[in-house]
Amino acid sequence: MIDRVCLITGVGPGTGTALVRRFCEGYKVAMIARNEDRLIELESDLTDAKGYPCDVSDFEQLSMTIDRIREELGAPSIVVHNAVGGAFGNFLEIDPSVLEHNFQVNTMALLHIGRAVAPDMISKGEGSIIITGNTSAYRGMPGFAGFAPTKAAQRVLAESMARDLGPKGVHVGYVAIDAVIDLEWTRERMPDKPDDFFCKPEDIAGECYRLAHQPKSAWSFSSIIRPFGENWSVS
């Protein structure tokens with residue numbers, strides 16, 4: 001019987017779905033996403049995945065959802081916060097409310113999730129909280145003013161959590177994706193790019209799985225991944 005539980009937020013058609021499929025190898029997976037139809041489809045395809053429709057920026061709903069997961073599946077031993085709020089535009093172009101909303105999804109949701117799941121992990125002396133990020137967490141480019149500040153805050157919050165939880169046996173890791181992810185819409189936007197230009201969702205999921213299972217004697221906090229041909233945006 002599988003009795004370990006993994007909670008994954010942001011179960012979209014790309015990285016989120018790949019994460020669910022990867023962590024179903026050994027875990028009951030609680031899937032959080034706004035799109036209930038996608039969750040139902042994955043439930044029908046994967047025996048060990050259960051969907052929980054939820055908007056992670058609605059913190060009362062998020063808290064109730066995590067309580068439900070704990071009651072129905074058990075306390076998560078691994079959490080992957082993959083939900084993301086993004087926007088394009090410079091600081092003069094964006095609607096300030098967009099930046100505020102993205103902060104709720106990227107940073108505040110991580111805070112609320114961490115506060116909800118960490119006590120159980122601490123009591124067991126083990127667990128992993130993995131966050132998927134990107135190079136916006138390390139730099140502020142002109143066209144990413146509605147997004148980059150929230151990812152930078154997310155990374156710093158994750159580091160603060162890691163420093164606090166590490167001595168208590170709980171691993172926190174940040175996976176920054178320095179790449180264009182292989183999705184239907186990115187392919188449409190970049191039809192001239194070869195296959196190996198894109199970062200495969202299943203490979204991102206594999207890195208998250210690896211980070212979540214590192215031995216305690218050799219934990220990583222930051223993992224920056226990119227396709228072999230990608231120019232380094234951050235180091």
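The values are calculated or read from the model by the stated rules, or taken from the named source; none is laboratory data. Keep in mind that this is a model prediction, so the values were computed, not measured. Neighbour counts are summed over all protein chains in view; Cβ atoms, including those assigned to glycine, are modelled from backbone coordinates with ideal geometry.
Give me the pairs, please: first residue somewhere in segment 158-170 and farther than 20 Å from G133 by Cα, second residue anywhere and part of a helix (DSSP H, G or I), beta-carbon distance under 7 Å, and either six or more positions apart or on two chains.
K168/I122
For segment 26-59, which residues satisfy the criterion of being of a type in the set (D, E, K, R), over 18 Å from the mean Cα position of the chain (by Cα) and more than 28 Å from N102 (Cβ to Cβ)?
Those that are of a type in the set (D, E, K, R), over 18 Å from the mean Cα position of the chain (by Cα) and more than 28 Å from N102 (Cβ to Cβ): E43, D45, D48.
I'd like to verify a number: residues in segment 177-187 that are assigned to a helix (DSSP H, G or I) and either surrounded by 13 or more Cβ atoms within 10 Å (Cβ to Cβ) or β-branched (V, I, T) (or both), how many?
Matching residues across segment 177-187 total 2.
Which residues, counting only those in segment 178-204, are more than 19 Å from the chain's Cα centre (by Cα), within 15 Å of G229 (Cα to Cα) and aromatic (F, W, Y)?
If the condition is that a residue be more than 19 Å from the chain's Cα centre (by Cα), within 15 Å of G229 (Cα to Cα) and aromatic (F, W, Y), then F197 is the only one that fits.
What number of residues within segment 188-201 satisfy the criterion of being surrounded by 15 or more Cβ atoms within 10 Å (Cβ to Cβ) and not basic (K, R)?
Residues meeting the conditions: 4.
If S136 satisfies all but one of (1) at pLDDT 95 or above; (2) in a helix (DSSP H, G or I), what's the number of the condition it fails?
All conditions are met except number (1).
List the residue pairs whose Cβ atoms are under 6 Å apart, where the first residue sits in segment 99-116 and is β-branched (V, I, T), the second is modelled with pLDDT under 95 and crowded, with 19+ Cβ neighbours inside 10 Å, and the two are 6 or more positions apart or on different chains.
These pairs meet every condition: V105/G85.
Does any residue of segment 165-176 turn out to be closer than 24 Å to I94 by Cβ, touching a Lys or Arg at 6+ places or on another chain (Cβ under 8 Å) and part of a strand (DSSP E or B)?
Yes, there is a match, as at least one residue in segment 165-176 is closer than 24 Å to I94 by Cβ, touching a Lys or Arg at 6+ places or on another chain (Cβ under 8 Å) and part of a strand (DSSP E or B).
When you look at I113, is it within 13 Å of the chain's Cα centre (by Cα) and modelled with pLDDT of 95 or more, yes or no?
So I113 passes the test.
Please enumerate the residues belonging to segment 145-176 that are farther than 11 Å from L110 by Cβ and touching an Asp or Glu at 6+ places or on another chain (Cβ under 9 Å).
Of everything in segment 145-176, those that are farther than 11 Å from L110 by Cβ and touching an Asp or Glu at 6+ places or on another chain (Cβ under 9 Å) turn out to be A145, G146, G169, V170, H171, V175.
Within segment 205-235, how many residues are hydrophobic (A, V, I, L, M, F, W, C) and either without any contact (Cβ under 8 Å) to a residue 12 or more places away in the chain or not in a loop (DSSP other than H, G, I, E, B) (or both)?
Qualifying residue count for the region: 7.
Filter segment 190-204 down to the residues that are under 30 Å from L165 (Cβ atoms) and assigned to a helix (DSSP H, G or I) and list them by number.
P201, E202, D203, I204 - these are the residues of segment 190-204 that are under 30 Å from L165 (Cβ atoms) and assigned to a helix (DSSP H, G or I).
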